[in-house]
There are 2 protein chains.
Amino acid sequence: MPGPTVKFQPDARTVAAEAGQTLLDAAFAAGIPLNSVCGGRGICGRCLVRIVAGEAEVDEGGRVPGGQEILACLSRVTGDVTVDVSELSRIEGEQILTGAERNGPFMPIPAVPVPSDPLVFALPLQLPQPTIHDCLSDLNRLTRELRRVGGIQDLVVPLDVLRTAPQVLRDANWEITAVLARTNGAHELVALRPGAAASGLYGVAVDVGTTTIVVHLVDLASGATLGAAAGLNRQAAYGDDVISRIIHAGEPGGLEGLRNAALGVTNVLIGGLAQAHGVARDDIVGAVLAGNTTMLHLFLGLPPAEIRREPYIPVISMPPAYRAGEVGLRVNHHATVAWMPGVSSYVGGDITADVLAAGMDGTEELSMLIDVGTNGETVIGNRDFLVCCACSAGPAFEGGGITSGMRAALGAVQRVKLAPDGGLSWSTIGGGRPRGICGSGMVDLLAELLLAGYLDRAGRLRPDAPVVREGPDGLEAVVVPAGESATGRDIVLTSADIENLLRTKAAVYAGGALLTRRLGIDIRDIQRIYVAGGFGTYLDIQKAILIGLLPDVPVERVTFIGNGSVTGAKMALLSHETWRRAAEVAQKMTYRELSTDMGFMEEYVSATFLPHTDCARFPRACAQLGRQD
Amino acid sequence: MPGPTVKFQPDARTVAAEAGQTLLDAAFAAGIPLNSVCGGRGICGRCLVRIVAGEAEVDEGGRVPGGQEILACLSRVTGDVTVDVSELSRIEGEQILTGAERNGPFMPIPAVPVPSDPLVFALPLQLPQPTIHDCLSDLNRLTRELRRVGGIQDLVVPLDVLRTAPQVLRDANWEITAVLARTNGAHELVALRPGAAASGLYGVAVDVGTTTIVVHLVDLASGATLGAAAGLNRQAAYGDDVISRIIHAGEPGGLEGLRNAALGVTNVLIGGLAQAHGVARDDIVGAVLAGNTTMLHLFLGLPPAEIRREPYIPVISMPPAYRAGEVGLRVNHHATVAWMPGVSSYVGGDITADVLAAGMDGTEELSMLIDVGTNGETVIGNRDFLVCCACSAGPAFEGGGITSGMRAALGAVQRVKLAPDGGLSWSTIGGGRPRGICGSGMVDLLAELLLAGYLDRAGRLRPDAPVVREGPDGLEAVVVPAGESATGRDIVLTSADIENLLRTKAAVYAGGALLTRRLGIDIRDIQRIYVAGGFGTYLDIQKAILIGLLPDVPVERVTFIGNGSVTGAKMALLSHETWRRAAEVAQKMTYRELSTDMGFMEEYVSATFLPHTDCARFPRACAQLGRQD
């Protein structure tokens, strides 16, 4: 007997499902990834669907009281069912950080010019036709020409590609294009194509974040970014942070489940982009991925257990390139899949990518990079040295664990201002009705509440403030009333949310502060601060300083580089020279373990104030807030 | 509903089968390869079985008249059935040519000493335990030590092997053995094993012949050959010679069928050897295969069509090494599978292997190598030059197309002598009752019949000779009467068999003769002749000259090297230096195309006489036969 099927409307897409499977998983399998922050744990309430025909078994807490909607993650397939997915529940159409939105939607590289020598490139060849006097084998004929034309001495040819060679060569009358990947110190033949055409090759740059996975589809010949897409890293179902995922990986089937979760999202995102831009998966011949070291391990199916055990030893930090077929990436089977090299268990290739995107390894000026993600990392250095540290910050600025939090996507409140009437005014990404608040909106919100005196420096809401009310779990600020929101529910910031944000910003700040202290550097000596992270399409630096997320330096010294991870990965994809530089950066970068440093807790506790307990460190911010104390 | 099952007795082995599948295929799937010369076409009558319970559908010609036995290749599964397989129908227990049987059962290398540096080797390592101050990743810790201890700079690590690393390293308390393959200009990590042990690694040398596949299982540390096994190349079902197989490869599914046929036999042979010698398949970490260029293509699934089309261009002649998992060889998934490098479409790696086994590339003396297989190849040269040619000889000396022909195996008549009473006396391999005649037996038989005057120089039997009778298809010589044979049937040599043998020996001789003519060399200048081929455990050189298979030189100049293909492959498996030399030999060897040389037909026709039409070329042989004319 065939299993039940689930039909999704209005897409009219049907998939076979297993009894007991959640509608969230079924939607995912159907290529309709639903919104979800909690990873399918029935917490975030983002994956709302409506049953149109048939039935599903809805677990406790899975029904929206008084409404027709149910949570897809808490609803299980029992038989054939048809489900309607509202626009709001979809991941599609999200606007994604590319690191340079303020300068145009997809400007790929913000700071550093990149030479055009992609990791995977096309070499058109006109082979001499074989004769009885020139009777080299097909492979030797090809290698002879590659040596002559491209100086290539170190060709690796996968068996599958070799199997296609005789027909391609003869059908094309010996005028062909070799698609070559330059990795692992050799040239690998990814494909042989008929005709001489250097175009039509594509690559993907992927930021595998703990919370979000971002994919950019790139034309390898022109360097143009065709499109970008993002989705929740579905590993979130197994925990918000890397530690809980490492623990889960140790359970039976855990590692494989985590691997498939991240791979699945990535493949769906790549598939969607390829379809949207009319690119065949087979023409995607290279991928550069960036992520923290745990993400790297989980993506490649490498046991991550030792990452969290002293002395914190990863299986790899600078992985060789593998073939897509081996990794499970659904692009050309022989596409090269490279990971940005990392430094240690807690400073991964995403930070190397940030450094490349910021260009801090090439300048004389002393700069600092702060990556605000689920892990917070800080790098200090210049072309002579690079030192880094990491701390667990939590996913708050990416929308995780925040009542109305969401990723930087269409409908996210990204700017907030105190209105003349004492209320709050806001604007959203894309300009539509608000669905939630993203990172930059949270920074603005905290700063505005603080400046207005609705919030005190300890992070307590004032009960008498105009936007503050008593909510189900204590005081909360109403940012957008239900009537104006896209969800029909109030968009709020609760006291618990504020505590969460303070813990996150304190951890980020404490990491950087302790690193400068241990290096004996005064924050004032730092000439430039780069900020990376998924805040939104913009970040108000002044407000980020005001809440103590960033050190109190002159605003003009701070550059927001957005998603430096995907930008750096893309730079490496488009330039072998940059790829080579990435290895140098990773090798040069020294990791300082701060988690065992007794000073960290001290720094952290002082930083859970707004902006900080020590106003000497935040003279400008404290002056601005002066009247409040 | 589950499909029917076939149970084999007395092994009591049961396999699931499909309705319509032949019992021959089912036996093969059960790991009980049956004897078969015709490859399952109902011609050779070697695959006899008896039904014990249940039924099978027997095609026309599949029943032994008056007996209970049926041909497995013409009997199809219809439902559950139990089948008895007699000892005679089994391939198991065959005695196989190793190239040096006369000097002991498994002396691996006949002529040339080989340095002990196997292609795959074990490197025991004691890694320093990681600390917070020496916190390299597992991979970097390993590569650092390999660089320090082994000077290895170019390590390639398959993802699967990397996945096992953290556990192996820690369970073994950092005392491990790296199993490394040295191919394709780099070192590949085949496996990581706990503990320091350089032993327990095995390899296989395989001769993939057009008619027969021979496997030797070798201990890589000691170089000892543990055992050998051979089976019919089941591609024979698609034709006796390479040309008919190339044609079949062009049909839908043809190439895959041919690939699986050769792979299947090889895997069964390896499996049997591994089991017999208590070796785990996973401990077989390297394989070197040798075969003609068509066999190479079919084994790797490479389209062979151009091999038979002018200008005869193979896809590859010097293939890179691939991993066993990619090739389909059922040994360690990451084992290195290398093929002996070949020269052209018609001179393959088996000939390179012969040259290495004979050592002719290292000496000053001018020598000639003659490989008598389904293809006949001749090489002339010394350490300064090597020239070769090839011709299609047919499988007669391997038992193909000969009424009572069989491979050199237990029960094969390998020596024949005229008895004082005018009859024939014989001896078999293993000494048991005769089952058929192998190559060396055929050489003896032709020579003895000729010397006795029972056969004239044109290859006609004398009707009045004591052992000659009128058979169903004309005159035939009875070698072993039914009462003395193991099969209960007469072992005979028919007039058609004799014609077949004359065509084969003529082609072999003509190739060599024409090559010397075109090189302007007198056969008398050749100081040594090496003969390779599947004749049996011995070859009577004098008789081979008498029938004109070999040129008429003093007997002491001729050395029979047996299966030089498997010997050369084994030498390369055991010595990276020899492997390197193989590439040099293949590159140095010049191929002369004789098939388009008008002189070939002339040489061939003159050589279809016994020994030859031109007695000036065979003075000694003709003198011996003098009385006959």
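Structural remarks
- When chain B is turned onto chain A, the axis of that turn runs closest to one Cβ of chain B, and that residue with its distance in whole Å is B:Ala186, 4.
- Exposure proxy order (Cβ contacts within 10 Å, fewest to most) of B:His248, A:His133, A:His612: A:His133, B:His248, A:His612
- With Cα atoms, 0 to 90° folded angle of helix A:349-358 axis to chain A main axis: 80
- Reducing the range B:329-408 and the range B:166-223 to their Cα centroids gives an inter-centroid distance of 26 Å.
- Shielding value for A:303-315 is 5, the average number of Cβ atoms from other chains within 10 Å of each residue's Cβ.
- Rounded Å value of the spacing that divides the Cα centres of the range B:259-315 and the range B:537-583: 22
- Mean Cα-pair separation over length for the range B:120-194, i.e. relative contact order, pairs under 8 Å, 6 or more apart, %: 39
- Chain A: relative contact order as a whole-number percent, Cα under 8 Å and 6+ apart: 13
- Proximal charge balance of B:Leu136 [Cβ under 13 Å; K/R count +1, D/E count -1]: 0
- Extension gain for the segment A:Ile521 to A:Asp154, taken as residue separation times 0.36 nm less the Cα-Cα distance, is 127.5 nm to one decimal.
- Taking amide H positions as modeled 1.01 Å from N, with prolines and chain starts lacking one, the residues under 5 Å from A:Thr559 and 5 or more places away or on another chain are A:Ile529, A:Tyr530, A:Val531.
- Within-14-Å neighbourhood charge of A:Glu60 [Cβ basis; K, R +1; D, E -1]: +1
- Summing charges over neighbours of A:Val15, with a neighbour being any other residue whose Cβ is under 12 Å away from its Cβ, gives -2 when K and R count +1 and D and E count -1.
- q = 0.12, 0.25, 0.28 Å⁻¹, the range A:550-605: log10 I(q)/I(0) [Debye, one scatterer per Cα]: -0.54, -0.96, -1.00
- Sorted from shortest to longest, the distances between the B:Ala280 label points of this copy and the other copies are 4.4 nm, with each point 7 Å from Cα along the line through the beta carbon.
- Counted by neighbouring Cβ atoms within 10 Å, the residues B:Met368, B:Met571, A:Met601 run from fewest to most as A:Met601, B:Met368, B:Met571.
- Sorted from closest to farthest, the other copies place their A:Asp456 label points 12.8 nm away, with each point set 7 Å from Cα along Cα→Cβ.
- Charge dipole (Cα centre; +1 on Lys/Arg Cβ, -1 on Asp/Glu Cβ; no other charges) of chain B amounts to roughly 640 debye.
- Over all pairs of different C-alpha atoms in chain A, the reciprocal of the mean inverse distance, the Kirkwood hydrodynamic radius, equals 25.6 Å.
- Over 18 Å between alpha carbons, listed pairs A:Lys417/A:Lys505; B:Lys505/B:Lys543; A:Lys505/A:Lys543; B:Lys417/B:Lys543: A:Lys417/A:Lys505
- For the range B:120-194, fraction of C-alpha pairs farther apart than 17 Å, in %: 37
- Residues A:His216, B:His187, sorted so that the one with the fewest Cβ neighbours within 10 Å comes first: B:His187, A:His216
- When the charge dipole of chain B is built from unit charges on Cβ atoms (+1 for Lys and Arg, -1 for Asp and Glu) and taken about the Cα centre, the candidate among B:Ile437, B:Leu455, B:Ala274 whose Cα reaches farthest toward its positive end is B:Ala274.
- Where Rh is the Kirkwood radius over Cα pairs, Rg/Rh for the range B:399-492: 0.94
- Where labels lie 7 Å past Cα in the beta-carbon direction, separation of A:Glu556 and B:Ile243 in nm: 8.6
- A:Ser427/A:Ser595 FRET efficiency (R0 35 Å; Cβ-Cβ; nearest 0.05): 0.35
- Length gained when the stretch B:Asp464-B:Arg163 is fully extended (0.36 nm per residue, less Cα-Cα span): 100.8 nm
- Counted without the sites themselves, the longest stretch of chain B free of GluC sites (Glu not before Pro) in a DSSP loop having at most 12 other beta carbon atoms within 10 Å is B:61-363.
- Across the copies of the chain, A:Asp384 has label points (7 Å from Cα along Cα→Cβ) spaced 6.6 nm apart, shortest distance listed first.
- Based on the convex hull around the alpha carbon atoms, the range A:337-433 presents an average projected area of 9.7 nm².
- For chain B, the residue among B:Ser392, B:Thr567, B:Pro4 whose Cα projects farthest onto the positive side of the dipole built from Cβ charges is B:Thr567.
- The protein assembly as shown - share of DSSP beta bridges that are antiparallel (%, nearest 5): 70
- The magnitude of the dipole of the protein assembly as shown, with charges of +1 and -1 set on the Cβ of Lys/Arg and Asp/Glu and taken from the Cα centre, is near 820 debye.
- Centroid-to-centroid, using Cα positions, the range A:457-474 and the range B:48-65 are 91 Å apart.
- Taking the range A:151-196 and dividing mean pair separation by its residue count, relative contact order in percent (alpha carbons under 8 Å, at least six apart): 44
- Simple spin-label estimate for A:Arg489 and A:Asp456 in nanometres, 7 Å along Cα-Cβ: 3.1
- Projected label distance in nm at A:Asp59 and A:Gln542, using a 7 Å step from Cα toward the beta-carbon: 4.7
- Angle in degrees between helix B:254-276 and the longest Cα principal axis of chain B, rounded to the nearest 10: 80
Values in this text are rule-based calculations from the coordinates and carry no lab data. The structure displayed is predicted, hence computed values, not measured ones. Please note: Cβ atoms are built from the backbone with ideal geometry, for glycine as well, and neighbour counts cover all protein chains shown.
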